[in-house]
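Heads up, the thing below is written out as structure tokens.
Values in this text are rule-based calculations from the coordinates and carry no lab data. This is a predicted model, so every value here is computed, not measured. Cβ sites come from the backbone with ideal geometry, for glycine too, and all protein chains shown count toward neighbours.
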Amino acid sequence: MNLKLDSLNKFILIGLSLFAYKAVLLVFAYVLNSQQYNAFNQAYYSASIIILFGSMGFNIAQTRIPVKPYFIFLFVAFNVIITSLLLQFLSKPFSSFTDYVPIIIYSIFIAAGTILNFRLLFEGNYKKYVLIVLLLTFSHLTVLPAAVYFNIFIFHLLAPAVVIWFFSVFKMLNRGTVSALNIFEYYKIGFSAFVINSAVSLGLAADKFIANHFFTIETANSYTFAWGITAPVFYLGNLIEKYLFAEKNPVKSRLLTKGFLISIILISTYITAILFAVNLFPQFLPGSISAELFYEIFTFMIAGYSVYVLFHFPINAYLFKILDVKKQKTISIYFSIIISASVITFYFITNTDNIISYKMLLLAVWLYIFTLLAVKTVIMFKGKKTAAADSNIIATESVQEIP
């Protein structure tokens, strides 16, 4: 009983800390004006893409080969710089060097800190993990008054804020033990984890990047805020997945049914509550967005993502219960092909004169993430099934990676 209570407390603490961190993005919509909010989102979702590639699945690699923090910092810095240069080549998001530098600094320290903090969570030190996430949240909030009052580009303040955060918590993060390593092996483990675990997150970051760089400010702000209200369905799905995955000796034929039922109840409740609140209290929407456009985008957006979450997380829990660890390589290969194709699509979308509508953008993202789910499902169901998950299985998607 005490063990179950401790597990529940752990899930609640971790969930609340991560939700608080993501909720900061909603706070920005209320505090910043429309131009500032759009400028922040342009930089933030550029950084989100850079951080995903910069981290390169090292959070998983660090649990297998716990290297010294300076190795991680060097690897991340290298990945971040290469990714930012490729992103600039693909879509030219950085208009000046003075805007580029703080985004790079922010990306390096967030990526390195997140990788090291994940090790604490992996080892069961969830209280330290939660404390570090909450301190990161606080570092983002502290820059808001100066950004608003002095009308400063917020990443000029966020960059030094996260550097201070990183070194403030470094003693808790400094847990590396390996001073020499096989760099190829470290990248190999990380890349496999990155491809499997971050593929969906890339799609969820890329559409906000496109929206904030190529849509009008009114549409971009409404689209991004709509995502901020939609994202909690992923948090609910992630908790459902972990609940199902933690069940001891479940009847697998009933696992999916149970997952679908829980998902339908929780997601329907959330959607109903949000739609009720938005319709009853429209005055509480931030002034940086168009209320009418937000409602139009939100109803379309949450419908599609809810269907995805309804299927993805229960299926993921079921599949990882019967996963043959050898299939990770096959999944990585197919996911790499899909990601490569999406990068080409991203290039054409961001370099065309005909800007797509928000509905077409969402349909493109949904096609991408449902394709990933279908491919993973087919590969995992084919061939021999094991009785339980293998200890070497790469962790499922983390809610922390949801942009």
For the chain, with a Gaussian network of springs between Cα atoms less than 10 Å apart, report the residue from Ala146, Ala317, Ala291 with the top mean-square fluctuation.
Ala146
In debye, nearest 20, what is the charge dipole magnitude of region 1-181 about its Cα centre with +1 on Lys and Arg Cβ and -1 on Asp and Glu Cβ, if you could check?
480
For the chain, just say rounded, prolate or oblate: build the C-alpha gyration tensor, square-root its eigenvalues into a ≥ b ≥ c, call rounded for a/c under 1.5, and beyond that prolate if a/b exceeds b/c, oblate if not.
rounded
Answer in debye to the nearest 20: the dipole magnitude of the chain about its Cα centre, from +1 Lys/Arg and -1 Asp/Glu charges placed on Cβ, is 1560
Contact order normalised by residue count of the chain, Cα under 8 Å, 6+ apart, percent:
24
Within 10 Å of each residue's Cβ, count the other Cβ atoms and sort Arg64, Arg254 from fewest upward.
Arg254, Arg64
Ordering of 215-223, 147-155, 273-281 by burial proxy (mean other Cβ atoms within 10 Å per residue, highest first):
215-223, 147-155, 273-281
Let me know the volume per residue of the alpha-carbon convex hull for region 1-181, in Å³.
121
Hey, can you grab everything whose amide H is under 5 Å from the amide H of Val67? Only 5+ residues off in sequence or another chain; H modelled, so Pro and N-termini drop out.
Thr177, Val178
Sorted by Cβ density within 10 Å, fewest first, the residues Phe89, Phe225, Phe122
Phe89, Phe122, Phe225
Cα-Cα longer than 20 Å, checked against Lys329/Lys382; Lys10/Lys68; Lys68/Lys127; Lys22/Lys329; Lys10/Lys376, kept in input order, equals Lys10/Lys68; Lys68/Lys127; Lys22/Lys329; Lys10/Lys376
Along the dipole axis of region 8-135 (charges at Cβ: +1 for Lys and Arg, -1 for Asp and Glu; origin at the Cα centre), the most positive-end residue among Gln36, Leu85, Leu131 is Leu131
Cut-off is 10 Å between beta-carbons; in what order do Lys171, Lys188, Lys128 appear when sorted fewest neighbours first?
Lys171, Lys188, Lys128
Which one of Leu158, Thr142, Ile189 has its Cα pushed farthest toward the positive end of the charge dipole of the chain, where Lys and Arg give +1 and Asp and Glu give -1 at the Cβ?
Ile189
For region 340-351, take each phi angle, set θ = phi - 60°, evaluate the Karplus expression 6.51 cos²θ - 1.76 cosθ + 1.60, and give the result in whole Hz per residue in order, putting x for glycine and proline.
4, 5, 5, 5, 4, 4, 4, 4, 5, 5, 7, 10
